[in-house]
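Here is the structure we will look at.
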Amino acid sequence: MSEAETPDPSEPSPRPAAEVLPELETILPDLLTLSGEGSLLAVQQLKEESCLDPLQEHNWNTRTRALGWLVGRYADHESAQGAMNAWKSHLETVGWVRDEELRNEPETNGDVHVMRYHNADLQLSARYDHAELTSSRNVSVVITSPCLKNPDNHRMTRSKLDPDYGVSSKYYDSDAEKADPAQAGAP
């Protein structure tokens, strides 16, 4: 084994997405709770996703990672910044390590506050941006795990919190999702 192939013992071992999704199912609701009143934040995605280019590759399921994504809009700077501050405090309290932070003036067109964290094999990016033209205060959180190689017959998984859970797909086991008792009565 060459030096380039030797795993770094200080780096956490990546976990399959199916092992990461239950953890993200607790982290994202905690962040939603901390996002404050007046937040229209919602889970955009909470699933295993392909790391491959869909235009160049046809076996998307062979290299994947876990992805959790919250997105929403606030009416004013105080609310958006309040959510970012609450997340920062919470993340640091529960063991996330800050890698980078950027802050600009509230009326900056573009990024107002960006934070990047890691915890074991997970990466988190929280972003608050201001769209001057529309006065939008957009906030998002993205959490990802490292990409892992899978067998050709691998079926990707979605969390029950993912808006597309139960929607037909050739890459996800949507039949099992539709048979899930939690889907009973879902639209």
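Normalising by the residue count of region 1-159, find the relative contact order in percent from Cα pairs under 8 Å and 6+ residues apart. Mind dumping the intermediate values first?
Values: 322 pairs, mean separation 43.7, N = 159.
Rounded, it is 27 percent for region 1-159.
Could you tell me the convex hull volume per residue, in Å³, taken over the Cα atoms of region 74-174?
Roughly 148 Å³ of hull volume per residue.
Tell me whether region 38-118 comes out rounded, prolate or oblate; compute the Cα gyration tensor, take square roots of the eigenvalues as a ≥ b ≥ c, and use a/c under 1.5 as the rounded threshold.
Prolate, because a/c is 1.5 or more and a/b exceeds b/c.
Starting from the Cα of K178, draw a straight line to each of the lysines and keep only those under 29 Å, dropping any in the same chain fewer than 8 residues away.
In chain and number order, the partners are K47, K149, K160, K170.
Ranked highest first by the average count of other Cβ atoms within 10 Å around their residues, in what order do 67-74, 22-29, 56-63 fall?
Packing proxy ranking, top to bottom: 67-74, 22-29, 56-63.
When the helices in the chain are scored as -39500 (n - 2.57) per DSSP H run of 4 or longer and the sum is shared across all residues, what 222 nm value do you end up with, to the nearest 500 deg cm²/dmol?
Using -39500 (n - 2.57) per qualifying helix, the result is -7000 deg cm²/dmol.
Rolling a 1.4 angstrom probe over the protein heavy atoms, how many square angstrom per residue are accessible across region 53-108?
Solvent-accessible surface per residue comes out at 59 Å².
Using only Cα positions of region 83-136, each an equal point scatterer, no hydration layer, compute I(q)/I(0) via Debye at q = 0.22, 0.30, 0.32 Å⁻¹ and quote the log10 values to two decimals.
Reported log10 I(q)/I(0), two decimals: -0.79, -1.15, -1.24.
Out of the total accessible area of the chain (probe 1.4 Å, heavy atoms of protein only), what percent is carbon and sulfur?
51
What is the percent of Cα-Cα separations in the chain that go past 23 Å?
50
The values are calculated or read from the model by the stated rules, or taken from the named source; none is laboratory data. Only a predicted model underlies this, so the values are computations on that prediction, with no experimental measurement involved. All Cβ positions, glycine included, derive from the backbone under ideal geometry; neighbour counts span all protein chains shown. Only protein heavy atoms, including side chains, enter the accessible area calculation; ligands, DNA and RNA are left aside. Shrake-Rupley method; radii C 1.70, N 1.55, O 1.52, S 1.80 Å.
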